[in-house]
Amino acid sequence: MPLILFDWDVSYEGRKERASTPTARDHTSSRVITGLKNLYHLHLSPIESSHHFSSFHYAPYSDSEIEAKPQVLLVGQYSTGKTTFISYLLGKKYPSAHIGPEPTTDKFIAVVHGPSDKVIKGNSLTVVPELPFGGLSTFGAGFLNKFEASVTSSPLLESVTLIDSPGVLSGEKQRVNRSYDFSTVVKWFAERSDLILLLFDAHKLDVSDEFRDVIEKLKPHDDKVRCVLNKADQINKSQFVRVYGSLLWSMGKIFRTPEVSRVYCGSYWEKDFVNKDYKDMFNEDERLLLEELKGLPSQAAARKINDMVKRIRLVKVHVCILTYLKSQMPFFYGHETRQKQLLSDLEDVFEEVKVMYDLSDGDMPDITQFRVNLRSHDFRRFPKLDRGVLRSLDGLITLQIPELMGRVGGVSGVLNMSQMGEVEHEDTKTRIKRKQEEIKRKKKGGIGGVEVLVALAGVLVLLFLVLGGVLGLEINGVLKTTLLKTILGLFGVETKASGTGEL
Ligand SMILES: Nc1nc2c(ncn2[C@@H]2O[C@H](COP(=O)(O)OP(=O)(O)OP(=O)(O)O)[C@@H](O)[C@H]2O)c(=O)[nH]1
Ligand SMILES: [Mg+2]
């Protein structure tokens, strides 16, 4: 076993030497990071702040987040060997590491590189400019008391940050004992991680409901998830086959995909294998897992671009939803009723926004959470639709991101440009559907601004015609239509070019 770890050390040392003299890849990565920072601060951040993005989704990206080293998150039920796994990789225990058969780690611990051993507490960590944890302050003191960084010197940590997590407990212990929402915090780390290792104990493989809930939250990141079937040497051949099959089955059920994420089997600690039946396979899996860890720095730039693309897409969807809600608010009165109605019809709103802007299902935010967030906002204060904003977001995806992508080695499958199609495109079918939805909504009640304007304009035209009659003026059909169009124009209501006055 330690032989493979030695291999890792040798190859790692080799890379470390090269790192001191910047290589072409270092230069490329730093150019990409600078490009991403510019893109974010100049283009995306202003749109985020004018559209209340942080109160619905994420805090603004900090430079340290964009610059952060690749991150590996370890998640698992208690005593599956997460802390031992990290110690094994580092070749030593990190400061504040606790290992034991009972639930031991009770905090999220970021294991980071530093010249001397020390522990930095959660509250201070959020303000350390070099570390990418500022965003965690949104989870409040309840969480920050359960978060710390363990600083130690290690060649591995020079290029990767490891996140140890408290073991998932079952039942009440998981729900009541935590002063923060465990799975939301895991989700936060998962979004910022390059690799997520789910650890399982081959000796007692039971996926509790609580762990299942956590894994569910990782679904959007299934491309980064790997399973580690730890302590696999503790069981015999036939037990191993059953446990392995059962793990694949459970994961397949949770991720609802036939391609289950990669499973690395083995025993990730210093001691020798108890059962040597699958020794070669365990050694090979360990080698592959270490290879994957070693490859993370070189893929970090591409992953950061990918994350930025995801964020731009989310901002676009967010802009579409907010501006749509704004457009549905009445001009003069009845806004409270209308806002309540829109909130309760949010499913319909999402459907309509999706059709209007050609958005895909997977891009839409979680509707329950979105509804909760919307409650604290007055829809009238949302910005109006500005096509320039949507064009600029599309431009980031179709022009600026590919340019950055080119710097890290050409076109990548991570980008799905087709889903960022022209926002103004609307075919007949969708237009008809949109009209139908509009009619349905009108039937349900609520007076929109346009309706009020049309009514006002109608009264004005009528008055004009009556006055014209009284004064003996002759007003022909074309003049009537022109008058109607002019009055509507004064109210900013567009009429069709045909001159029929249809809205
Ligand atoms: N046989 C075997 N035992 C292991 C292995 N890794 C860890 N253990 C033992 O499993 C127990 C739990 O290890 P930890 O590293 O504390 O597990 P953990 O997942 O960090 O646990 P929590 O922090 O409580 O969630 C300890 O008694 C370890 O000695 C392994 O690879 N093989
Ligand atoms: Mg632990």
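The values are calculated or read from the model by the stated rules, or taken from the named source; none is laboratory data. For clarity, every value in this text was computed on a predicted model and none was experimentally measured. Neighbour counts are summed over all protein chains in view; Cβ atoms, including those assigned to glycine, are modelled from backbone coordinates with ideal geometry. With ligands, DNA and RNA removed, areas are computed over all heavy atoms of the protein, side chains included. Shrake-Rupley method; radii C 1.70, N 1.55, O 1.52, S 1.80 Å.
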Ignoring ligands and nucleic acids, what accessible area does residue 347 show with a 1.4 Å probe (Å², nearest 10)? 90
Given charges of +1 on the Cβ of Lys and Arg and -1 on the Cβ of Asp and Glu, with all other atoms neutral, how large is the dipole of the stretch 194-351 about its Cα centre, in debye to the nearest 20? 380
Length added when fully stretched, residue 106-residue 310, from 0.36 nm per residue minus Cα-Cα: 70.3 nm
Heavy-atom accessible area per residue - the stretch 281-395, 1.4 Å, Å²: 43
Apply the Karplus parameterisation 6.51 cos²θ - 1.76 cosθ + 1.60, with θ equal to phi minus 60°, to every residue of the stretch 310-322 and state each ³J(HN,Hα) to the nearest whole Hz, in sequence, with x for glycine and proline. 4, 5, 4, 5, 5, 4, 4, 4, 4, 4, 4, 5, 4
Whole-number accessible area per residue in Å² for the stretch 25-104, which is evaluated in the context of all protein chains at 1.4 Å: 42
Ignoring everything but the protein chains, give the 1.4 Å probe accessible area of residue 130 in square angstrom, nearest 10. 140
So residue 138 and residue 407, fully extended at 0.36 nm per residue minus their Cα-Cα distance, gain in nm 93.4 nm
Compactness of the stretch 30-87 - radius of gyration and Dmax, Cα, Å: 16.9, 46
Any idea what the relative contact order of the stretch 242-311 is, in percent, if you count C-alpha pairs under 8 Å spaced at least 6 apart? 21
Modelled FRET efficiency - R0 56 Å, residue 355 with residue 179, Cβ distances, 0.05 increments: 0.85
Considering only Cα-Cα distances, which of the following residue pairs are longer than 21 Å: 316/340; 224/304; 37/310; 146/231; 224/271? 316/340; 146/231; 224/271
Sorted by mean Cβ packing within 10 Å, highest first, what order do the peptides 217-226, 349-358 take? 349-358, 217-226
Applied in sequence order to the stretch 66-72, the curve 6.51 cos²θ - 1.76 cosθ + 1.60 (Karplus, θ = phi - 60°) yields integer Hz couplings, x standing for Gly and Pro, of 5, 7, 3, 5, x, 10, 10
For the stretch 242-318: span of alpha carbons on each principal axis (Å, largest first): 54, 31, 17
Accessible area per residue, Å², the stretch 187-241 with all protein chains present, probe 1.4 Å: 36
What pairs from 217/294; 69/237; 93/204; 121/294 go past 30 Å between their alpha carbons? 69/237
Under 5 Å, built H, 5+ apart or other chain: amide partners of residue 163: 72, 73, 74, 111
Go through the stretch 223-237 residue by residue and turn each phi into a ³J(HN,Hα) via Karplus (6.51, -1.76, 1.60, θ = phi - 60°); whole Hz please, and just put x for glycine and proline. 5, 9, 7, 10, 9, 10, 8, 8, 6, 5, 7, 7, 10, 7, 3
How large, in percent, is the carbon and sulfur part of the accessible surface of the stretch 203-296 at a probe radius of 1.4 Å? 51
